[in-house]
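This report refers to the structure that appears directly beneath it.
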Amino acid sequence: MKILIATDKPFAPVAVSGIREVVENAGYELALLEGYTDNSQLLEAVTDVDAMIIRSDKATKEVIEAAQKLKIIVRAGAGYDNIDLSAATEKGVVAMNTPGQNSNAVAELALGMMVYAARGLFNGKAGSELKGKTLGIHAYGNVGKLVGYIAKGFGMNIAAFDPFVSAEAIESDGVKVYNSVEEIYSNCEYISLHIPANDKTKNSINYELLSKMPKGATLVNTARKEVVSEADLMKLMNDRTDFKYVSDIAPNNAEELLNTFAGRVYFTPKKMGAQTQEANVNAGIAAANQIVNFLENGDTTFKVN
Ligand code: 3PG
């Protein structure tokens, strides 16, 4: 069996060694395609592999069809919007993610970005503190929960909105529950996004919603760029000179936003939420173990298609 790691944004070397150990202990061969610059390299690398581990790399229909022997593809991470699930299902390929494995890294970055925004993007002028401010966590999954946990240490008041998590579960963490998305945006000075990108959520963070946020509001996005309407964000920031947007995923209109609203917007140079050694090791090795368990025992825990 041949397992391919295909990562445009490479894992830390320690994670690759860990994956190699799992793969070779199972008697399989490991192939590595890192930092590739063209999709043709990916198409060539997948031709003879039985399984593959990816990050945000795009597993399109074309890639899945080029991988003639592919049985399983694991997204070492949470969001699997980069996998064409129907193409995978059609070809009988199991798709999985590794939920929770890189969450702490993303949560820490979300708090870091909040501090950065509160301190005027480190401009040295008098900024503000997170203590006593209200943080709304939009989607209380693995990352959202950790963001709440860490933010409590800053003395923030934490609230969450997540129709897929029971109110009891959220409240038992000492987090206030809002029952509508409008309510949480209306009541929170900071909103941290942790929703996946899908047909329902794309462009759902729109003008109407953002304009409900209190004066001096900050939107923090460590989720996906597609969930925020770019045109609406532009309009909102024009209308609201108090509004800040910090994101780990630069939108398509990043340059225009940066030029027009300097000091109120910030984008990391490359998506780096999950880019820690720890997260790479956790997610990468979990992916390798999931592949071995599937190929050896037919274990489909974490299957998403
Ligand atoms: C995820 O969905 O797990 C995160 O967005 C991390 O993505 P990355 O592996 O491309 O850094």
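Coordinate-derived values only; no laboratory data. Only a predicted model underlies this, so the values are computations on that prediction, with no experimental measurement involved. Because the Cβ atoms are built from the backbone with ideal geometry, glycine has one as well, and the counts that use them run over all protein chains shown.
For region 266-305 versus region 8-23, the spacing of their alpha-carbon centroids is 11 Å. How big is D for region 247-305, in µm² s⁻¹ as a whole number, if Stokes-Einstein is applied with the Kirkwood radius of its Cα pairs at 20 °C and 1.002 mPa s? D, rounded to a whole number, is 147 µm²/s. Taking a straight line from the alpha carbon of K271, these aspartates and glutamates sit under 17 Å away, with near neighbours fewer than eight places off in the same chain left out: D8, E34, D57, D81, E108, E226, D248, E255.
Taking every Cα-Cα distance in the chain and sorting them into 10 Å bins from zero, the calculated P(r) comes out as 6, 27, 31, 22, 12, 2, 0 percent.
Straight-line cross-link reach from K2 at under 25 Å between alpha-carbon atoms covers these lysines, not counting any fewer than eight positions away in the same chain: K58, K61, K69, K71, K91, K303. Helix 13-25 versus the longest principal axis of the chain: what is the Cα-based angle in degrees, 0 to 90, to the nearest 10? Rounded to the nearest ten degrees, it is 40. Annotation note: GluC sites (Glu not before Pro) in region 46-134 located in DSSP loop regions with a Cβ neighbour count of at most 15 within 10 Å are E129.
Comparing Cα centroids, region 26-72 and region 213-253 end up 34 angstrom apart. By the rule of a C-alpha distance below 18 Å, with chain neighbours fewer than 8 residues away ignored, the lysines paired with K235 are K202, K212, K215, K225, K244. Considering helices alone, the calculated mean residue ellipticity of the chain at 222 nm is -11000 deg cm²/dmol, with DSSP H runs of length four and up weighted by -39500 (n - 2.57) and normalised per residue.
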